[in-house]
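J.: Pasting a structure here, questions to come.
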């Protein structure tokens, strides 16, 4: 089974109706892994009850697995060495930790990981994922 | 294929040997079907209940502006607690 991590921007765009990334990934049979850090990033930026409900509804999907684990410090050092900064390090470390195959993000900060050796997952925008398929 | 609540009810009555039996077992079946979902909902609600809502990004129309704001939130969270999420 393919495992996917969706960055916080993907959830926000989905909730706003700007993308159908969640349906695309879940309907393809992939498992979505989400860390509490990503949940908190999204939650802090939602105010409307309908948007919060939409987010909760996504998280309650059987194909979505929530992680609260602490991550190995070695992964933090690895992704800092590869050029990521601040919280982006956590997202990349989590993607490796949960053994995801793909990190889907619209944030170009993660571009430094593309083509890097020893990164066990792909970094794709939703558009790239759609055209390539799961 | 069963597609309506009425169909499910009829099927249950047939499978369990009567309406009374089906009604008696209904809650047990509900818990069996939805139990794991209820647990996840309870866990999720306890998780988000400790998280503040600070702003409404959905009022922004420009995707780039949304990404910039999310980066600010990520930086703020990193300073507040991300470093504790490594061991």
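J.: For chain A, find the longest principal axis of its Cα atoms and tell me its angle to the long axis of helix A:87-97, 0 to 90°, nearest 10.
T.: 90 degrees
J.: Another question, then. Hey, what angle do you get for helix B:63-80 against the long axis of chain B, alpha-carbon based, 0 to 90 degrees rounded to 10?
T.: Result, in degrees: 80.
J.: Report the label-to-label distance for residue A:116 and residue B:86 in nanometres (one decimal), using points 7 Å from each Cα along the Cα→Cβ vector.
T.: It is 1.2 nm.
J.: Segment A:1-110: D in µm²/s via Stokes-Einstein (Kirkwood Rh, Cα pairs, 20 °C, 1.002 mPa s)?
T.: 150 µm²/s
J.: Something else now. Running Debye on segment A:1-58 with equal point scatterers at the Cα sites and no solvent, what base-10 log of I(q)/I(0) appears at q = 0.21 Å⁻¹?
T.: -0.79
J.: Rank these for me by crowding, B:86, A:55, going from fewest to most other beta carbons within 10 Å.
T.: B:86, A:55
J.: Could I ask something else about it? For segment A:59-134, report the % of Cα-Cα distances exceeding 18 Å.
T.: It works out to 42 percent of all Cα pairs.
J.: How far is helix B:5-16 tilted off the main Cα axis of chain B, in degrees rounded to 10, range 0 to 90?
T.: Compared with the principal axis, the helix lies near 50 degrees.
J.: Let me ask something else. Which three numbers, in whole Å and largest first, are the semi-axes of the equivalent ellipsoid of the protein assembly as shown derived from its Cα gyration tensor as √(5λ)?
T.: Over the Cα atoms of the protein assembly as shown, the ellipsoid semi-axes are 37, 19, 18 Å.
J.: Follow-up. Can you divide the C-alpha Rg of chain B by 2.2 N^0.38 Å and report the result to two decimal places?
T.: Relative to the rule-of-thumb radius for its length, chain B sits at 1.94.
J.: Same structure again: Percent relative contact order of segment A:1-121, based on C-alpha pairs within less than 8 angstrom and at least six residues apart?
T.: After rounding, I find 34 percent.
J.: In deg cm²/dmol and to the nearest 500, what is the mean residue ellipticity at 222 nm of chain A if only DSSP H runs of at least 4 residues count, each as -39500 (n - 2.57), divided by the residue total?
T.: -13000 deg cm²/dmol
J.: Just want the ordering: B:45, B:60, from fewest to most Cβ atoms lying within 10 Å of their own Cβ.
T.: Ranking B:45, B:60 by Cβ neighbours within 10 Å, fewest first, gives B:45, B:60.
Quick note: the coordinates plus some simple rules give every number you see, no bench work behind them. Small disclaimer: the values here were computed from a predicted structure and weren't measured. Note that each Cβ is placed from the backbone with ideal geometry, even for glycine, and that neighbours are counted across all protein chains shown.
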